[in-house]
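A.B. asks: Could you have a look at this structure, given as structure tokens, before my questions?
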Amino acid sequence: MGTEERDIIAPAIAALRQEGIDARGPFPADTLFTPHARQGYDVALGMYHDQALIPVKTLDMAGGVNVTLGLSLVRTSPDHGTALDIAGQGRADPGSLVAALRLAATLAAHRRHHQARQEPP
């Protein structure tokens, strides 16, 4: 349908590998999240919302975290919607929010550590 994988993603992965980063792909989203496939990576980078968030929500709605990369600040958010249908009823599960806050704290500490050493994060 397009040439983004060939023209953009594959060259980006090649550049990361030249820097010594164990980056692989591109992989099809429909097989990337099987139990066997998940054993082979620490992080999956989705190119657009539904490519990664649908399987992540299916696997762990309460623990999924969205991270926006490439910003000058740490940005995480829960991987679920606003749940307006249950707002104010005391039924919402805060798990994903707690996971997002914990990951933000970890990423911020990592960033501070590297900035103190004047290294790229």
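A.B. asks: With every atom except the alpha carbons ignored, what do you get for Rg and Dmax of the chain, in angstroms?
C.D. replies: 16.8, 52
A.B. asks: Here is a follow-up. Using a cut-off of under 19 Å, list every residue of the range 37-59 whose amide N is near the label point 7 Å from the Cα of His113 along the Cα-to-beta-carbon line.
C.D. replies: Output list for this probe position: 42-43.
A.B. asks: Follow-up question, since we're still on this one. Any idea of the accessible area per residue across the range 1-59, 1.4 Å probe, to the nearest Å²?
C.D. replies: 81
A.B. asks: Right, here's the next one. What full-extension length gain, to one decimal in nm, is calculated for Asp30 and Asp60 as 0.36 nm per residue of separation minus the Cα-Cα distance?
C.D. replies: Gain on stretching Asp30 to Asp60: 9.1 nm.
A.B. asks: On to the next question. Can you show me the helix-derived [θ] at 222 nm for the chain, built from DSSP H runs with n ≥ 4 at -39,500 (n - 2.57) apiece and divided by the number of residues, rounded to the nearest 500.
C.D. replies: -12500 deg cm²/dmol
A.B. asks: Still on this structure: Could you identify which residue out of Leu59, Leu71, Leu32 has the top mean-square fluctuation in a GNM of the chain using Cα springs shorter than 10 Å?
C.D. replies: Comparing Leu59, Leu71, Leu32 in the GNM, the peak value goes to Leu71.
A.B. asks: Whole-Hz Karplus ³J(HN,Hα) for the range 88-93, in order, using 6.51 cos²θ - 1.76 cosθ + 1.60 and θ = phi - 60°, x for Gly and Pro?
C.D. replies: For the range 88-93, the Karplus-derived couplings read x, 9, x, 10, 5, 8 Hz, x marking Gly and Pro.
The values are calculated or read from the model by the stated rules, or taken from the named source; none is laboratory data. Everything numeric here is computed off the predicted structure, so don't read it as measured data. Neighbour counts run over all protein chains shown; Cβ positions are idealised from the backbone, glycine included. Note: areas computed on protein heavy atoms with side chains; ligands, DNA, RNA excluded. Shrake-Rupley method; radii C 1.70, N 1.55, O 1.52, S 1.80 Å.
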